[in-house]
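Please read the structure below before turning to the comments.
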Amino acid sequence: DPVPPLQVIRPEPCCVCGSRIRFGKTAIKCCQCQLLLHTKCREQCPSLCTPRPHHHAWPREGVLADFAPSTPPLVPTLVVQCVTEVEARGLTETGLYRVPGAEQLVREWKRKLLRAGGALPALSSVTDIHVVCGVLKDFLRGLKEPLVTFSLHPAFLRAADIPDDAASDTALRHVVSKLPPANRDTLAFLMLHLLRVSHSPDCKMDVFNLSRVFGPTLVGHSSANPTPLAIMEDTPRQCKVVARLLSLPPDFWRGFVETEQENLVPM
């Protein structure tokens, strides 16, 4: 009972021949038993299969680690797939991440991706790339705690406030290294992506614009229910944190995600 071919994000073994289906290759997944196989191995696949639970299904909400794979780099498939799609056809769009996508479509696609778990439907059928951007932002905003965790939130703000750039960078690198591995890898993956967006003249989204959009999403507040005063005081400092993170050298971020680079988007 095969579904239409899907694109592989993380290399997985083919259930028929046993060899790995590599990143970016098309594969077939059975609706019933969730077995994954090369399209060329389809004929050798036994036609009868036993339904089994989809063990990759994601929770509706959780902390980032709840969505991360078990092997490094620990970046949720949803994040990888949205970024891959945005980089494939969004780097010529003005106002990427600033222009909102249709809310209903964003909600619909986010629900669809979360329900699918590890085997995501192709985002190429989403006509408006701003919807894909919206799904990514909505996923990050919907986490139980921001990528910059509640406990490390004050340390990030303090590090970004250091007036001397070199001292601020050193402090930020130190705090980044203290993040839970999934948060750290995902932050690194997103920083490299946002740097590519900032370097695209067509997008007109420099580091300042991107930090305004992603400050509240990535840095958030130090608790789940901030006071109105905290919200007001945090907002400019959130943007400052993201701007400082984007000023760190790309090699610093690559160090976290290049261990299994073939599992991710080609640089």
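Side notes on the structure shown:
- Amide H partners (placed H, <5 Å) of Ile21, local residues excluded: Glu12, Cys14
- FRET efficiency, Ala122 to Ala102 (Cβ-Cβ, R0 25 Å, nearest 0.05): 0.85
- Partners for Lys40 among aspartates and glutamates (Cα-Cα distance below 18 Å; same-chain residues under 8 apart left out): Asp1, Glu12
- Packing rank of 90-99, 209-218, where each peptide gets the mean count of other beta carbons within 10 Å, highest leading: 209-218, 90-99
- Unsatisfied cross-links (Cα-Cα over 23 Å) in the set Lys112/Lys137; Lys25/Lys144; Lys144/Lys178: Lys25/Lys144
- Label separation (Leu91 vs Leu229): 4.6 nm, computed from points 7 Å beyond Cα along the C-beta direction.
- Scalar couplings 3J(HN,Hα) for the range 89-99, obtained by applying the Karplus form with A = 6.51, B = -1.76, C = 1.60 to θ = phi - 60°, are 9, x, 6, 10, 8, 5, x, 4, 6, 8, 6 Hz; x denotes Gly and Pro.
- Other residues lying with their Cβ under 12 Å from the Cβ of Val106 contribute a combined charge of +2, Lys and Arg counting +1, Asp and Glu -1.
- Backbone phi angles across the range 133-140, fed through the Karplus curve with coefficients 6.51, -1.76 and 1.60 (θ = phi - 60°), yield HN-Hα couplings of 4, x, 4, 4, 5, 5, 4, 5 Hz in residue order; Gly and Pro are listed as x.
- Amide H contacts of Glu145: Leu64, each under 5 Å away and 5 or more positions distant or on a separate chain (H built 1.01 Å from N in the peptide plane; Pro and chain starts excluded).
- Chain lengthening between Phe252 and Lys178 when straightened (0.36 nm per residue, less Cα-Cα): 25.2 nm
Just so you know, all these numbers are worked out from the coordinates, no wet-lab data involved. If you're wondering where the values come from, they're calculated on a predicted model, not measured in any experiment. Virtual Cβ from ideal backbone geometry, glycine too; neighbours counted across all protein chains shown.
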